[in-house]
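**Q** Quick one: structure below, then a few questions.
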Amino acid sequence: MPRVSSRARLADIAAKAGVSEATVSRVLNGKPGVAEETRQSVLTALDVLGFERPTRLRRRSAGLIGLVMPELINPIFPAFAQVIESALSQRGFTPVLCTQSPSGATEEEYVEMLLERGVSGIIFVSGLHADIGADHARYQALVDRRLPVVFVNGWLPEVEAPFVSSDEYAAMDLAVSHLVALGHRRIGFASGPERFIVVQRKLAGYRIAMKAQLGLSDDELDQWVALSMFSVEGGAAAAQQLLDAGVSGVICGSDMMALGVIRASRQRGLSVPGDISVVGYDDAPMMEFTDPPLTTVRQPVQAMALAAVQSLLEEVRGHTTPHTEFLFRPELVVRASTGPARS
């Protein structure tokens, strides 16, 4: 990045900020007598033109905030990370992103590393707090040491902290209602392992909606439920079972699974949506550009991420926030992967 030194560059900054070169010089040299609004205009012009700020004018971090999430393969997680990191940076905090992988550091190891670095708080996105089989005592231990923590997608009533989640019951009602309106009656459900709270909620929401709208029993619905892995391959595996059961539509627990269902359907010579309709979940980036563009239930990522940041920073500043779960309503996004059921 170029440094600010020559008169020509001062002129460029002055023109961009709409002020005099003398004013630019006063700002860069830290001289008094410049209105705060004018000072910010000069600094913005400096950044936009790609010049390096003098050391005295560089922002100082208000503290480190850990952001722990499972992985970045599913594009919904980079979407959360982008909003959270941007919101933290705008408020003067430095985000520290920790992503897990099968051969990499565990969530617990990341937490230890963050504690060693003196983070001011941690945001967990779809972490082990959403896994009912995991040890959740570690989270209460963080709370007991008065470290502010916030959890996204998952709910532990025994942990005194804010939780931010998408309303999975509402999501399934939206998806089922959409397919029923298109004439579908044999609607399958494909999702990840049932040990995850979000899967349990989606499955319960699917069953409630199917019973209410089609009058089906749990025994009838059991054959149309396939739990696999949250991946394209997991969706393809679940699709084999559901297609054998004769479904005409599939509601998936993630967009990645939905892409797997589409792949498996085509491998059987079926068209989407001509022979089978597919609904995803998340509305991850690029889903409108898939073949066909994916109908999906959109998580309100922007609102959820900002709420998580706001709740955490309130705790960091010593203010009390409600230690409860904040539910955000999702939105059905209709594209070309769903269509009328064949008569």
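The values are calculated or read from the model by the stated rules, or taken from the named source; none is laboratory data. Owing to the predicted nature of the structure, the values given are computational and were not obtained by experimental measurement. Every residue, glycine as well, gets a Cβ built from its backbone with ideal geometry; the counts of neighbours run over all protein chains shown.
**Q** Is it true that some residue in segment 237-247 is touching a residue at least 12 places away in the same chain (Cβ under 8 Å), exposed (fewer than 15 other Cβ atoms within 10 Å of the Cβ) and either touching an Asp or Glu at 6+ places or on another chain (Cβ under 6 Å) or part of a strand (DSSP E or B) (or both)?
**A** no
Per-residue answers, yes or no, for (1) in contact with a Pro (Cβ under 9 Å, 6 or more places away or on another chain); (2) under 14 Å from Gly280 (Cα atoms):
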{"residue": "Met172", "(1), (2)": "no, yes"}
{"residue": "Arg186", "(1), (2)": "no, no"}
{"residue": "Phe189", "(1), (2)": "no, yes"}
{"residue": "Glu194", "(1), (2)": "no, no"}
{"residue": "Val199", "(1), (2)": "yes, yes"}
{"residue": "Arg207", "(1), (2)": "no, no"}
{"residue": "Met210", "(1), (2)": "no, no"}
{"residue": "Leu216", "(1), (2)": "no, no"}
{"residue": "Val225", "(1), (2)": "no, no"}
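**Q** Quick check: anything in segment 64-82 small (Gly, Ala, Ser) and either more than 26 Å from Leu313 (Cα to Cα) or surrounded by fewer than 18 Cβ atoms within 10 Å (Cβ to Cβ) (or both)?
**A** no
**Q** Looking at segment 309-324, which of its residues are buried (at least 16 other Cβ atoms within 10 Å of the Cβ) and either of a type in the set (Lys, Arg) or outside any helix (DSSP H, G or I) (or both)?
**A** Result: Thr321, single match.
**Q** Please specify each residue of segment 71-114 satisfying the condition of being at pLDDT below 90 and not polar (S, T, N, Q).
**A** Glu71, Leu72, Ile73, Arg91, Gly92, Pro102, Gly104, Ala105
**Q** Any residue in segment 103-114 that is small (Gly, Ala, Ser) sitting within a Cβ distance under 8 Å of a residue that is not in a helix (DSSP H, G or I)? List the pairs, counting only those 6 or more apart or interchain.
**A** Between residues of segment 103-114 that are small (Gly, Ala, Ser) and residues that are not in a helix (DSSP H, G or I), the close pairs are Ala105/Cys98.
**Q** Using the structure shown, decide if Val143 is farther than 28 Å from Lys211 by Cβ and assigned to a helix (DSSP H, G or I).
**A** Numbers: farther than 28 Å from Lys211 by Cβ: yes; assigned to a helix (DSSP H, G or I): yes.
Here the answer is yes, as Val143 does meet what is asked.
**Q** Does Ser265 satisfy being surrounded by 16 or more Cβ atoms within 10 Å (Cβ to Cβ) and either of a type in the set (Val, Ile, Thr) or over 20 Å from Leu203 (Cα atoms) (or both)? Write out each step before concluding.
**A** On the way: surrounded by 16 or more Cβ atoms within 10 Å (Cβ to Cβ): yes; either of a type in the set (Val, Ile, Thr) or over 20 Å from Leu203 (Cα atoms) (or both): yes.
The answer is yes for Ser265.
**Q** Before we move on, is Glu288 touching a Leu at 6+ places or on another chain (Cβ under 9 Å), assigned to a helix (DSSP H, G or I), without any contact (Cβ under 8 Å) to a residue 60 or more places away in the chain and charged (D, E, K, R)?
**A** yes
**Q** Report yes if Leu306 is over 15 Å from the mean Cα position of the chain (by Cα), assigned to a helix (DSSP H, G or I) and at pLDDT 95 or above, otherwise no.
**A** On the way: over 15 Å from the mean Cα position of the chain (by Cα): no; assigned to a helix (DSSP H, G or I): yes; at pLDDT 95 or above: yes.
No: the conditions fail for Leu306.
**Q** Suppose we keep only residues that are hydroxyl-bearing (Ser, Thr, Tyr) and within 21 Å of Val68 (Cβ to Cβ) within segment 153-190. Which one would you say is surrounded by the fewest Cβ atoms within 10 Å (Cβ to Cβ)?
**A** Per the criteria, the residue is Ser165.
**Q** Next question, about the same structure. Which residues, taken from segment 248-285, are part of a loop (DSSP other than H, G, I, E, B) and either free of Cβ contacts under 8 Å to residues at least 40 places away in the same chain or not assigned by TED's automatic domain parsing to the domain that holds His184 (or both)? Steps first, please.
**A** Keep residues of segment 248-285 that are part of a loop (DSSP other than H, G, I, E, B), which gives 248, 253-254, 268-276, 283-285.
Answer for segment 248-285, where residues must be part of a loop (DSSP other than H, G, I, E, B) and either free of Cβ contacts under 8 Å to residues at least 40 places away in the same chain or not assigned by TED's automatic domain parsing to the domain that holds His184 (or both): Arg268, Gly269, Leu270, Ser271, Ile276.
**Q** Of the residues that make up segment 164-173, is at least one touching a residue at least 12 places away in the same chain (Cβ under 8 Å), closer than 23 Å to Gly246 by Cα and assigned to a helix (DSSP H, G or I)?
**A** Checked segment 164-173: at least one residue is touching a residue at least 12 places away in the same chain (Cβ under 8 Å), closer than 23 Å to Gly246 by Cα and assigned to a helix (DSSP H, G or I).
**Q** Then there's this: For Gly118, which of the numbered conditions (1) modelled with pLDDT of 95 or more; (2) assigned to a loop (DSSP other than H, G, I, E, B); (3) not charged (D, E, K, R) fails to hold?
**A** Among (1) modelled with pLDDT of 95 or more; (2) assigned to a loop (DSSP other than H, G, I, E, B); (3) not charged (D, E, K, R), Gly118 violates only (1).
**Q** What residue, among those in segment 129-152 that are surrounded by 23 or more Cβ atoms within 10 Å (Cβ to Cβ) and not β-branched (Val, Ile, Thr), is farthest from Ala204 (Cα to Cα)?
**A** Pro148
**Q** Still on this model: Step by step: first the residues of segment 292-303, then only those that are in contact with a Pro (Cβ under 8 Å, 6 or more places away or on another chain) and not in a strand (DSSP E or B), then the one that is surrounded by the most Cβ atoms within 10 Å (Cβ to Cβ). Which residue is that?
**A** Gln299
**Q** Step by step: first the residues of segment 31-53, then only those that are exposed (fewer than 11 other Cβ atoms within 10 Å of the Cβ) and part of a loop (DSSP other than H, G, I, E, B), then the one that is modelled with the highest pLDDT. Which residue is that?
**A** Ala35
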